[in-house]
Structure formats: C-alpha cells, structure tokens
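Below is one structure, written out as structure tokens; the observations come after it.
Read-outs throughout are calculated quantities, based only on the coordinates presented, and are distinct from any laboratory measurement. Computed from a prediction, not measured in an experiment: that's the story for all the values here. Cβ sites come from the backbone with ideal geometry, for glycine too, and all protein chains shown count toward neighbours.
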Amino acid sequence: MLAIAILAAGKGTRMVSNLPKVLHKLSGETLLNRIINTSKKLNPDKIFVVIGHKPDLVKESLFNNKNVEIVLQEPQLGTGHAVQVLSKELKNFRGNLLILNGDVPLIRTESLKELLKVHSSKDADVSLITNEKENPFGYGRVFKKDNFIEKIVEEKDCSIDEKQNKLINAGIYCFNWERLNNIINNLESNNNQKEFYITDSISLLGRAISFEINDEEEIQGINNRVDLAKCEEIIQRKIKTKHMINGVTFINPESSTVSEESEIGMDVIIEANSHIRGFSKISDNCIIGPNTFLENTFIKKNSKIVNTTIFNSEILDNVNIGPYSHIRPGSIISSNSKVGNFVEIKNSHLSQSVKVNHLSYVGDTKIGKFTNIGAGTITANYDGIKKNITNIGEYCSVGSNTVLIAPITLGNAVTIGAGSVINKDVKSNCLAIARVKQLNIDNWKKTN
Ligand code: UD1
Ligand code: CA
C-alpha cells in the first residue's frame, strides 16, 4: 500500500504574499496541483494534502481534484506536527507513506519511483532524497554514518561547522508508516524555530537511507520569489530545449515562453519576446513574433503572426496577421486571409482570402471569401443590451470608414461607399452609399 502526503499548510512567509505559497503558479499551474499531478502518476492508494494557512483558498484550488483527501493542520507547528495531525487519518494504514513538501514542485514521477524502489529493496525505515549542493544555504543538512543517515540539522540550527556540509535534504521522504507512527509523537520542538520537524524523526528511527538525485534542478525548493523564478526558468528551458531538438527555431529563447501543453511544428520560427500559452498548436513553417502573445490558439501551416495578441482562436494556413492586431476568443481566420495593423477581431469567422488591413473592429461577424474590408470599418454590434450579428457575403468591398450597424446582412459582391453608416440590409451585387452628398459652392469666401 502507498499513501502520499503533500505538506501544504505553511504560510510561506518568505514569499511576502497574500496568497498561500502553494497557490503560486509555475507556467500556469499552481505548485500544489503540479505535485498532485506528479503524485497521481504513482497510482497511490491515497493522496492527502495537509492544509492550514488560508484553508478555504487552498481547498477551492483543489476543486478539480476529487480524489485527494484534505487534512486541516491548525495551528501549523511544523512539518513534523503536520504528520502528527495526519496520523489520525492513517490509523489502519499499513505500507509506505511518501511525504512531499508542497514547495518542491519539479520532482519527476520517475525519480519518486526510484526512491520507492530503493526504499523497498533496502527494507529501510525511511529513505529520502538528497543532493550534494554547491550552495546549500537554507536547506536541512544530512549527516551520514556508515551509509545510514544519522540526523538532519536545519540551516537555522546548524553550527558553523555543520553549515560546511553540502549534503542537503530535498524534503521528499518515503517512510515505513508503522515505524514512523511509533515515534511520530516523540518529536520535540526544542530548536530555533520552536517547531516540530519531520526531519527529527530520522534520528529516532533505525534504518535511514539516502537516495542521491542526479538532477539537482528537480529538487529546487521554493521559499521566496527568487526560487520561484528559478523554477520557472528551469521549466521554460526544458520546454524550449525539447522544441528546439524537434526543429523549432527560437531567435532569442530567453525572451520567449511556451506552455508545457503547447505543440509546435517543424521549421516554425519563434521570434523574440513571444509567448505561447495554454493549449496552443502551431503547425509547420509559421513565423511567430516578435512580440506576440498566443493563448489557446491553433495556427495552421505557413502563417505569419507579428506583434499580435490572440486568444482562443483558430488561424488557418498562409494567413498574415499584424503587426498590432488583437484577435479575441471565438475567431476563425481562414486560409490566405490578412488582418493588419490596429485591427480587432472578436468572435468572427473570416472565410478564405479576406482582407481586413487597417484600423477596424469586426465583432460577431461572418465574412465571405475574397471580401475586402476598408480601413476604419466598424461593425457596431452592441445596441446597449445585446450583441448583434453582422453577415457580409463573398467578394464584397466595404469602403473605408464604414459603420455597419448590426444586425445586418450584406449579400455577395456588395460595394459600400466609403464613409457610409449602413443600417439596412444590402442585396447581392448592389452598391450602397449612406452619407451626405458633397456640396461644392463656387467662389465662396469666409465672412466675419
Ligand atoms: C524543509 C525541511 C528541510 C529541507 C527543505 C527542502 C523541515 C523541518 N525542514 O525546510 O530539511 O531541506 O524543506 O525544501 O521539514 N508545512 C506544513 N505545516 C507546517 C509547516 C510547513 O504543512 O506546520 C509545509 C509547508 O507548506 C511547505 C513544507 O511543509 O510546503 C516545507 O515547509 P518549509 O517551512 O518551507 O520548510 P523548509 O524550511 O524549506
Ligand atoms: Ca521550503
């Protein structure tokens, strides 16, 4: 049997935040959810999350995680106390208890599997992940004797000599639960932080062994925002490296970010300062950026998106967008279309080879193929109460500075004279002009 306990009750004072530490995000996902996802892949019999500081907020963040059991630690008297509180839930449990600090979010399932394997093969009371760290500041130091761990001393309790020890405790432990349970209430809080440390259980147990992890980045703990940024950098570097190996060019990788879920095709070029978020998918040969933000957006082959922001939309192949376009959710821009500078498109469907090149707003609109929308065209879709639909047919030519007051339908091959305010439907093959006729007065002079 395997139970997992994620310790997430602490305040995270060093984050200097109103948000509990475990609710801070890395690449869009909370620290806590990351650890839960990693834990689930081990198929444990139970997952507990120990919460305490701002419990309602933390609970709320777990609404999608039906299978985790929440344990309230109140007050929070240290990591050992968290396990004492948890012990009531594990009365009849037999097997291993994997304890994971909620602020060590990059540990991989594979490494945890190895830890569990070593633990079982050595019949240890406790096995924990360690690493020889160049700069061990802030971590508990692990002291070994004859291949067994003798004790762990927290940084704050270390003597000057003890601080020289660079072998650190990662905060990830596999305990034989029955043996830990026997001594868990014997922990004392006579240390500098006046807390009950889970690490003190090591010296109360018999066989304590260490599992040295190769990749120290996996066990980067997060105590402050500097650590948070370090972890983000680690995640981002790994994601971008994977894409580069798979044929994606990043012109200036440090300046761009890509979500873990996003897919990028071959020969895509990501220019500087471009950000690809959520579930986005970019097909082969696209050029993205510079200065582009895409969220939950699909882009088909050979499209070029410059200096543009796109949310929850679909861009088909050979499309040119930008610079300075804003494509809002629910939009589809079909093949060979062009959306130019200072154009906002919302919840609209542009068929193939449509051009909206300059300074326009197109909302809740359908545009047929080969239609050209002149500069400064506005679909007035909101009547103050509800949003209305605009339908524009194929091969239309909408003159510059036109206002189309929705709901309205233009047929196919319609021409609208520049500067028109159109509030009546226009039949196919029709020219519509709706503006005051120009009056020229000969030999006119200003009188005053
Ligand atoms: C802890 C370890 C340290 C290790 C480091 C690795 C102890 C005493 N020390 O130190 O040896 O090197 O992690 O990152 O365990 N928590 C609770 N309830 C509490 C207090 C804390 O659930 O009463 C949770 C926190 O939310 C956090 C985790 O336990 O997720 C670790 O607590 P933290 O205070 O950050 O411990 P460290 O000082 O980093
Ligand atoms: Ca910590």
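So the values come out like this:
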{"read-out": "Every residue from the stretch 311-331 that is farther than 19 Å from residue 265 by Cα and either over 23 Å from the mean Cα position of the chain (by Cα) or aliphatic (A, V, I, L, M) (or both)", "value": "322, 323, 324, 325, 327"}
{"read-out": "Criterion violated by residue 120 - all others in (1) among the polar types (S, T, N, Q); (2) over 26 Å from the mean Cα position of the chain (by Cα); (3) surrounded by 22 or more Cβ atoms within 10 Å (Cβ to Cβ) satisfied", "value": "(3)"}
{"read-out": "Residue selected from the stretch 222-250 under the condition assigned to a loop (DSSP other than H, G, I, E, B) and surrounded by fewer than 19 Cβ atoms within 10 Å (Cβ to Cβ), by the criterion nearest to ligand 1 (Cβ to nearest atom)", "value": "223"}
{"read-out": "Within the stretch 64-153, strands (runs of 3 or more DSSP E) holding 2 or more residues that are more than 16 Å from ligand 2 (Cβ to nearest atom) and over 18 Å from residue 219 (Cα atoms)", "value": "68-72, 96-101, 141-145, 148-153"}
{"read-out": "Members of the stretch 138-166 that are more than 15 Å from residue 191 (Cα to Cα), β-branched (Val, Ile, Thr) and under 40 Å from the mean Cα position of the chain (by Cα)", "value": "142, 149"}
{"read-out": "Those strands (runs of 3 or more DSSP E) lying entirely in the stretch 288-404 with at least 3 residues in contact (Cβ under 8 Å) with a residue 24 or more places away in the chain and closer than 26 Å to residue 434 by Cα", "value": "365-367, 378-380, 390-392"}
{"read-out": "The stretch 154-171, residues that are within 16 Å of ligand 2 (Cβ to nearest atom) and either polar (S, T, N, Q) or more than 14 Å from residue 197 (Cβ to Cβ) (or both)", "value": "168, 169, 170"}
{"read-out": "Failed criterion for residue 30 (all others in (1) crowded, with 21+ Cβ neighbours inside 10 Å; (2) within 23 Å of the chain's Cα centre (by Cα); (3) farther than 25 Å from residue 259 by Cα; (4) more than 10 Å from ligand 1 (Cβ to nearest atom) hold)", "value": "(3)"}
